[in-house]
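Worksheet for the structure shown next.
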Amino acid sequence: MDDILAPIQDAFEGQIDFHGQRITEILSTALLIISGVVAFFVGYIYQDIHLTLWTGLGGTLITGLVVIPPWPMYNKNPEKWLVPGPGSTGGAGVVVDGVKVT
């Protein structure tokens, strides 16, 4: 059962790197601005507030589909974390006033 659930869990876990977070922030801002401008002009041309709202909602849904799932393009530059050395307790080993703080 774990063999079946492991890929699904990896897909929904949401692993993206810092560069991917920057890309999603830029994409979400740009797509929401574009959808807002398009919705405004569609509503202005057709003089229909419902069409304006539906166009804006559609743009928001498209933006959500682009930026919310952890697409592989958002995890191209993962961080390389340090491996704890042998005998370490996992703490940073910071010394404050002569006392080691973990």
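The values are calculated or read from the model by the stated rules, or taken from the named source; none is laboratory data. No experiment lies behind these values; they were computed from the predicted model shown. A quick note on method: Cβ atoms are made from the backbone with ideal geometry, for glycine too, and the neighbour counts reach across all protein chains shown. Protein only, heavy atoms only, side chains kept; ligands, DNA and RNA dropped before computing areas. Shrake-Rupley method; radii C 1.70, N 1.55, O 1.52, S 1.80 Å.
Rounded to a whole number, what % of the accessible area of the range 1-56 do carbon and sulfur atoms account for, probe 1.4 Å?
68 percent
Could you compute the net charge surrounding residue 19? Neighbours are other residues with a C-beta less than 15 Å from the C-beta of residue 19; K and R count +1, D and E count -1.
Summing Lys/Arg as +1 and Asp/Glu as -1 gives 0.
How far, in degrees from 0 to 90, does helix 49-67 lean away from the longest principal axis of the Cα atoms of the chain, to the nearest 10?
Long axis of 49-67 versus the principal axis of the chain: about 30 degrees.
Return, ordered by residue number, the residues of the range 17-35 whose backbone nitrogen is under 14 Å from a label point located 7 Å along Cα→Cβ of residue 54.
none
Label points 7 Å out from Cα along the Cβ direction at residue 18 and residue 3: separation in nm?
So the label points at residue 18 and residue 3 sit 3.9 nm apart.
To test your reading of the geometry: what angle, between 0 and 90 degrees and rounded to tens, separates the Cα axis of helix 18-46 from the longest principal axis of the chain?
For helix 18-46, the angle is close to 10 degrees.
If you roll a 1.4 Å probe over the heavy atoms of the protein chains, what accessible area per residue do you get for the range 1-62, in Å²?
Normalised by residue count, the accessible surface of the range 1-62 is 81 Å².
For residue 17, what residues show an amide H to amide H distance below 5 Å, using hydrogens built from the backbone and excluding near sequence neighbours?
Correct list: 75, 76, 77.
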